[in-house]
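Read the structure below first, then the notes.
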């Protein structure tokens, strides 16, 4: 449904990404990959957003590298320059989608969820953020500084993005006077990914419906 494109980074460079188009003057969604890379599953999420009426762009943060091996995925994630990905690749994707519609949200899963939080702190042009089970270190992106509408989806059985970490994010935002829309599921990490052993159809469908309502209200 979509195509691989090149889009501009704020520093004058370029980044590749998968673009699924809904039409002119439609709101946009930046879809941020899990630690596996820009794989078919993430491109499928972008396609699903396009079918729902959003122009969706998934930046290729690993520059063509994709894996299905956890050890290699961990190596790729730990080697990623998170500030560069946030300030250049993701912000560039937001600005590119802004050319085609009035408002743009950022959303992502796992590593992409953490980068969604970072984007909500550091990218002033984004209009909403939806995080799935990922939180960055507070010294890079303090959730208390999130001012944009924010929705979070977290798993009660998650050993990576733990329930305690999710509560800490929510508490930090509330202490700053924010009202994050936080949802918790009796599921494990990666419950939204249909290619994962942790996939939970009921929780994934409920999360999609909640996200759809949130995006409709804020974009």
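Could you list, in sequence order, the residues of region 38-68 that are within 21 Å of residue 212 (Cα to Cα), touching a helix residue (DSSP H, G or I) at 6+ places or on another chain (Cβ under 8 Å) and part of a loop (DSSP other than H, G, I, E, B)?
Passing the criteria: 52, 54.
Considering 69, 116, 78, which residue is under 17 Å from residue 137 (Cα atoms), surrounded by fewer than 17 Cβ atoms within 10 Å (Cβ to Cβ) and modelled with pLDDT of 95 or more?
On the way: 69 fails: under 17 Å from residue 137 (Cα atoms); 116 fails: surrounded by fewer than 17 Cβ atoms within 10 Å (Cβ to Cβ).
Going through 69, 116, 78 in turn, just one is under 17 Å from residue 137 (Cα atoms), surrounded by fewer than 17 Cβ atoms within 10 Å (Cβ to Cβ) and modelled with pLDDT of 95 or more: 78.
Take residue 143 and decide whether it is over 17 Å from residue 192 (Cβ atoms) and crowded, with 24+ Cβ neighbours inside 10 Å. It would help to see each step written out before you state the result.
Numbers: over 17 Å from residue 192 (Cβ atoms): yes; crowded, with 24+ Cβ neighbours inside 10 Å: yes.
Answer is yes for this residue.
If we keep just the residues of region 22-36 that are without any contact (Cβ under 8 Å) to a residue 60 or more places away in the chain and touching a helix residue (DSSP H, G or I) at 6+ places or on another chain (Cβ under 7 Å), which is nearest to residue 96 (Cα to Cα)? Walk me through how you get there before you give the answer.
Here is the first cut: in region 22-36, the ones without any contact (Cβ under 8 Å) to a residue 60 or more places away in the chain are 22-23, 36.
From what is left, the residues that are touching a helix residue (DSSP H, G or I) at 6+ places or on another chain (Cβ under 7 Å) are 22, 36.
Details: 22: 15, 36: 24 Å.
Out of the qualifying residues, it is 22.
Just to check your reading of the model, which residue among 105, 190, 93 is touching a strand residue (DSSP E or B) at 6+ places or on another chain (Cβ under 9 Å), crowded, with 16+ Cβ neighbours inside 10 Å, in contact (Cβ under 8 Å) with a residue 40 or more places away in the chain and assigned to a strand (DSSP E or B)?
On the way: 190 fails: assigned to a strand (DSSP E or B); 93 fails: assigned to a strand (DSSP E or B).
105 is the lone residue from the list that is touching a strand residue (DSSP E or B) at 6+ places or on another chain (Cβ under 9 Å), crowded, with 16+ Cβ neighbours inside 10 Å, in contact (Cβ under 8 Å) with a residue 40 or more places away in the chain and assigned to a strand (DSSP E or B).
How many residues are touching a strand residue (DSSP E or B) at 6+ places or on another chain (Cβ under 6 Å) and either crowded, with 16+ Cβ neighbours inside 10 Å or touching a residue at least 40 places away in the same chain (Cβ under 8 Å) (or both) when one looks only at region 149-182? Break it down stepwise before answering.
Kept after step one, since they are touching a strand residue (DSSP E or B) at 6+ places or on another chain (Cβ under 6 Å), are these residues of region 149-182: 149-156, 166, 170, 180-182.
Cutting the leftovers down to either crowded, with 16+ Cβ neighbours inside 10 Å or touching a residue at least 40 places away in the same chain (Cβ under 8 Å) (or both) gives us 149-155, 166, 170, 180-182.
Within region 149-182, residues that are touching a strand residue (DSSP E or B) at 6+ places or on another chain (Cβ under 6 Å) and either crowded, with 16+ Cβ neighbours inside 10 Å or touching a residue at least 40 places away in the same chain (Cβ under 8 Å) (or both) number 12.
Could you check region 122-148 and list, in sequence order, the residues that are in contact with a strand residue (DSSP E or B) (Cβ under 9 Å, 6 or more places away or on another chain) and in a helix (DSSP H, G or I)? Can you show your working first?
Keep residues of region 122-148 that are in contact with a strand residue (DSSP E or B) (Cβ under 9 Å, 6 or more places away or on another chain), which gives 123, 125-135, 143, 146, 148.
143 - this is the single residue of region 122-148 that is in contact with a strand residue (DSSP E or B) (Cβ under 9 Å, 6 or more places away or on another chain) and in a helix (DSSP H, G or I).
The values are calculated or read from the model by the stated rules, or taken from the named source; none is laboratory data. Computed from a predicted model, the values in this text were never measured in an experiment. Using ideal geometry, Cβ is built from the backbone for each residue, glycine included, and neighbour counts are taken over all protein chains shown.
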